[in-house]
Every structure is written in C-alpha cells, then in structure tokens.
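One structure below.
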Amino acid sequence: MRSLYSEHPTWMHAMPAWAKLAILSVCGTLLVLVDRPVHLGIACAVVLVLFASLGRTAWRRVRMLGGIAIACALIVGFHWFLGSTPLGVASALRLASAAMLALMLTLTTRFEDLLVVLETVMQPLRRFGVPTERIALGIGLMLRFAENFYVQWQRLDDAYRARAGHGGGLRLLAPLTIRTLQTAERVADALAARLGR
C-alpha cells in the first residue's frame with residue numbers, strides 16, 4: 001500500500017513514535033476539553049505554524065488542508081442554519097487542529113514504528129490471553145487503509161484533472177471503491193500467506 005509518509009527529514013522525524021503519539025493524545029484531549037472559540041482559534045493557529053514548520057514535507061500535502069477547510073466550512077454552515085454558530089466554529093476549529101496534528105504524525109512516522117508502539121502499549125494484556133499482536137496489526141492496518149484511501153483518491157483525481165481539466169468529484173467513487181477492494185484483497189492474501197492460513 002502507498003503511504004503518505006515522507007522520506008524528507010524534518011525536525012519531527014527525529015522524535016520517537018511513542019512521543020508523537022503521546023503528544024497527539026494529550027493535545028486531542030485538551031482540544032475536547034476547551035470550549036471557547038477564541039482559545040481554539042489560538043490552538044489552531046499554533047498547530048498551523050507547526051505544520052508549516054515541516055517545510056517541503058508539509059507543502060507537498062497542502063491540498064489536504066483544502067479538504068479539511070471544506071469540512072470545517074460545512075460544519076459552520078450547518079450550525080449557522082441551526083442557530084448555534086459559536087458551537088459550529090468551535091467544532092470546526094477543533095476538527096482542523098486534530099486533523100492537522102494527525103496529518104503531521106502520518107507524514108513523519110513510519111507505519112512499522114506505529115505498530116511497535118501499539119504492540120508495546122498493549123503488551124500487559126497478554127497476561128489475560130488477549131492476542132495483542134493481531135489487535136495491533138488490525139489497528140495499524142486501519143490507519144494505513146485510511147491514508148491509502150486518500151492517496152488513491154488523489155491519484156485518480158490528478159489523472160482525471162489531466163484529462164478533463166477539472167476534478168472528478170463523485171465520478172471517482174466507483175474506481176476508488178474498486179481500487180480499495182483490490183488493495184484489501186492483496187493485503188488479505190499476503191497476510192494469509194504469512195500467517196500460514
């Protein structure tokens with residue numbers, strides 16, 4: 001599967017995966033606890049500056065911020081329609097901050113390193129007979145499929161844009177679904193062969 005991980009070194013690449021996951025967890029929790037749009041706006045601005053500090057690694061994926069901005073605009077519009085605009089603004093800022101933090105983690109952390117962290121965190125559950133390796137692998141594959149879904153969509157959209165001069169939009173759903181299922185089947189076959197089943 002293709003990954004969003006960037007080989008171009010940044011300051012965040014030097015951080016261990018466990019530290020990045022811990023920081024992401026703490027920041028995500030704080031974002032949920034904060035309610036005021038002003039404070040969330042400051043947090044979002046700080047995260048945006050951190051994202052920009054990744055340099056070329058970040059700007060190669062700047063199109064993803066457009067998708068985040070559209071989602072945030074829809075949230076604000078929905079809440080405006082319901083008469084709860086401040087709540088919509090707070091939700092949008094919270095979503096934008098969390099999404100950018102997750103994107104930074106994805107761009108600067110190898111899948112294998114994330115898998116090791118997940119296995120280590122769940123290791124105490126082995127005493128109770130819990131198959132931690134398979135659970136960690138399942139979580140890791142879910143994360144990889146999420147980013148692979150975006151990568152496949154971006155490639156299809158770029159190809160359609162080169163032919164038609166504009167984005168494919170909903171027309172890409174069918175080929176995207178087919179490619180995703182094909183990828184899932186290949187991964188399933190590889191896992192079956194590796195596990196000897």
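The values are calculated or read from the model by the stated rules, or taken from the named source; none is laboratory data. Remember, predicted model here, so these are calculated numbers, not experimental data. Please note: Cβ atoms are built from the backbone with ideal geometry, for glycine as well, and neighbour counts cover all protein chains shown. Surface areas here come from the heavy atoms of the whole protein model, side chains and all, with no ligands, DNA or RNA. Shrake-Rupley method; radii C 1.70, N 1.55, O 1.52, S 1.80 Å.
For the stretch 9-21, a residue qualifies if it is surrounded by 14 or more Cβ atoms within 10 Å (Cβ to Cβ) and either touching a Lys or Arg at 6+ places or on another chain (Cβ under 7 Å) or at pLDDT 90 or above (or both), and the qualifying residues are Thr10, Met12, His13, Met15, Ala17, Trp18, Lys20.
Would you pick out the residues in the stretch 78-98 that are closer than 10 Å to Cys44 by Cβ and open to solvent by 30 Å² or more (accessible area, probe 1.4 Å)? Once the filter is applied, which keeps residues that are closer than 10 Å to Cys44 by Cβ and open to solvent by 30 Å² or more (accessible area, probe 1.4 Å), the stretch 78-98 yields Leu93, Arg94, Leu95, Ala98.
Residues that are open to solvent by less than 30 Å² (accessible area, probe 1.4 Å) and not aromatic (Phe, Trp, Tyr) within the stretch 51-62 comprise Leu54, Gly55, Thr57, Ala58, listed in sequence order.
Evaluation of Ala136 against the conditions (1) within 22 Å of Arg186 (Cβ to Cβ); (2) modelled with pLDDT of 85 or more; (3) open to solvent by less than 40 Å² (accessible area, probe 1.4 Å); (4) more than 12 Å from the chain's Cα centre (by Cα) shows that the sole unmet condition is (2).
A single member of Leu48, Leu103, Leu65 is open to solvent by 50 Å² or more (accessible area, probe 1.4 Å), assigned to a helix (DSSP H, G or I) and touching a residue at least 24 places away in the same chain (Cβ under 8 Å), and it is Leu48.
The residue list Leu93, Leu31 contains one member that is in contact with a Ser or Thr (Cβ under 6 Å, 6 or more places away or on another chain), assigned to a helix (DSSP H, G or I) and either farther than 23 Å from Trp153 by Cβ or at pLDDT 95 or above (or both), which is Leu31. Does the stretch 88-97 contain any residue that is among the hydrophobic types (A, V, I, L, M, F, W, C), over 16 Å from the mean Cα position of the chain (by Cα) and more than 28 Å from Leu30 (Cβ to Cβ)? No, the conditions are met nowhere in the stretch 88-97. For the stretch 36-44, the count of residues that are farther than 30 Å from Arg155 by Cβ, in a helix (DSSP H, G or I), in contact with a Ser or Thr (Cβ under 8 Å, 6 or more places away or on another chain) and small (Gly, Ala, Ser) is at least one.
Considering only the stretch 117-132, I want to know if a residue exists there that is in a helix (DSSP H, G or I), hydroxyl-bearing (Ser, Thr, Tyr) and open to solvent by 40 Å² or more (accessible area, probe 1.4 Å). Checked against the condition, which is being in a helix (DSSP H, G or I), hydroxyl-bearing (Ser, Thr, Tyr) and open to solvent by 40 Å² or more (accessible area, probe 1.4 Å), the stretch 117-132 yields at least one hit. Within the stretch 146-158, residues that are modelled with pLDDT of 70 or more have Cβ atoms under 7 Å from residues that are open to solvent by 60 Å² or more (accessible area, probe 1.4 Å) in these pairs: Val151/Arg2; Gln152/Arg179, counting only partners at least 6 apart in sequence or on another chain.
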